[in-house]
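Colleague: Structure provided below as structure tokens; questions to follow.
The values are calculated or read from the model by the stated rules, or taken from the named source; none is laboratory data. For clarity, every value in this text was computed on a predicted model and none was experimentally measured. Counting neighbours? That spans all protein chains shown, and the Cβs are built from the backbone with ideal geometry, glycine included.
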Amino acid sequence: MQVTYLVLAHHAPQQLASLLRLLLVEGDRAVVHVDAGSDETPFRRAVVDLGAAVTFTGERHRVRWGGFGVVAATLTALRQAVRSAPGDHYVLLSGADLPIKPIAALHDELTGGQVRMNCWPMPDERRGKPMSRLDRWHHAPKDRHSRLASRVNRLLQRLPARDLAPLGGARPHAGSQWWSMPHGCAEEVLDFVDRSPRFVRFFHHVQVPDEMFFQTVVKALPTEWELRPNLTYTRWTSSGRLSPDTLGAADVPALAGVEAFFARKFDLDAEPDVLEQVRDHLLVPR
């Protein structure tokens, strides 16, 4: 089993390096996309000891919260991985993630060849996936707290529903941003994207497309891939928050009991001890 990790990073180069050193212990590889708004040089320097196991995307995108940039960055990393660092399976992570189970156990889990992706038909109001996320125009601002941007998007919400014809009949689906997929599925996804420019352009102006784009594509593929829950644990302590909780050393005992293989998010600058706790208590084979 050869795993290629697709890692989206925008800050904390040393934390990225710590993550990759934990991941790349079974001969796996990683393709890293660094936000175009960040200096890539410190990230390259931080992982120089990992050599050819880590490559950086040749194309970079500016990522805005809730905008298409994160989808573009993910597609770029996936395309480069399939072409230049092919694996049996591709796992999408952020630079703020950490593994919470041994990598050998992850390899065993992925041999089944399923797509690991949370995926629900839209609308799904219970999970916060209303159709308005998709069928109303949305502008992703530089500052997600901008009052002007909020007013603009409230006005856009009042416009008539968008025509879903560019989806080509695909039923919209939604779920978490984080997923993994086998090589065959990745090839089908990229082929679908290349053949469907109107479909792709449609998602440039939806709200939080990274939580809908890949789900909708995978469900529209000619192969009916088996889906199982995604591999990444996040904790949300209050509804309406825009970001999951930051996990620390005090959370490590509880993480030992979750079924996921990764967790997010961590801040090693604020709490460096959590890295040792994860390594010594969660990544030791049982």
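Colleague: Restricting to segment 202-230, what's the tally of residues that are under 11 Å from VAL71 (Cβ atoms) and of a type in the set (A, V, I, L, M)?
Modeller: Residues in segment 202-230 being under 11 Å from VAL71 (Cβ atoms) and of a type in the set (A, V, I, L, M): 4 in total.
Colleague: Might you let me know whether segment 245-258 holds any residue that is under 30 Å from ARG171 (Cα atoms), surrounded by 11 or more Cβ atoms within 10 Å (Cβ to Cβ) and either touching a strand residue (DSSP E or B) at 6+ places or on another chain (Cβ under 9 Å) or touching a residue at least 60 places away in the same chain (Cβ under 8 Å) (or both)?
Modeller: Scanning segment 245-258, I find no residue that is under 30 Å from ARG171 (Cα atoms), surrounded by 11 or more Cβ atoms within 10 Å (Cβ to Cβ) and either touching a strand residue (DSSP E or B) at 6+ places or on another chain (Cβ under 9 Å) or touching a residue at least 60 places away in the same chain (Cβ under 8 Å) (or both), so the answer is no.
Colleague: Part of a loop (DSSP other than H, G, I, E, B), of a type outside the set (Lys, Arg) and under 26 Å from LEU16 (Cα atoms): does that describe VAL278?
Modeller: No.
Colleague: On the given criteria, is GLY112 modelled with pLDDT under 95, of a type outside the set (D, E, K, R), under 19 Å from ALA186 (Cβ atoms) and surrounded by fewer than 21 Cβ atoms within 10 Å (Cβ to Cβ)?
Modeller: Yes: the conditions hold for GLY112.
Colleague: I would also like to ask the following. Given the condition small (Gly, Ala, Ser) and part of a loop (DSSP other than H, G, I, E, B), answer yes or no: does some residue in segment 195-212 qualify?
Modeller: Within segment 195-212 (the criterion being small (Gly, Ala, Ser) and part of a loop (DSSP other than H, G, I, E, B)), the answer is yes, since at least one residue qualifies.
Colleague: Among the residues of segment 135-180, which ones are modelled with pLDDT under 75 and of a type in the set (S, T, N, Q)?
Modeller: SER146, SER150, ASN153, GLN157
Colleague: Select from segment 211-250 the residues that are at pLDDT below 95 and of a type in the set (Asp, Glu) and list them in ascending order.
Modeller: Listed by number, the residues that qualify are GLU211, ASP245.
Colleague: For segment 56-104, name all the residues that are within 20 Å of ARG264 (Cα to Cα), modelled with pLDDT of 95 or more and assigned to a loop (DSSP other than H, G, I, E, B).
Modeller: Scanning segment 56-104 gives GLY95, ALA96, ASP97, ILE100, LYS101, PRO102.
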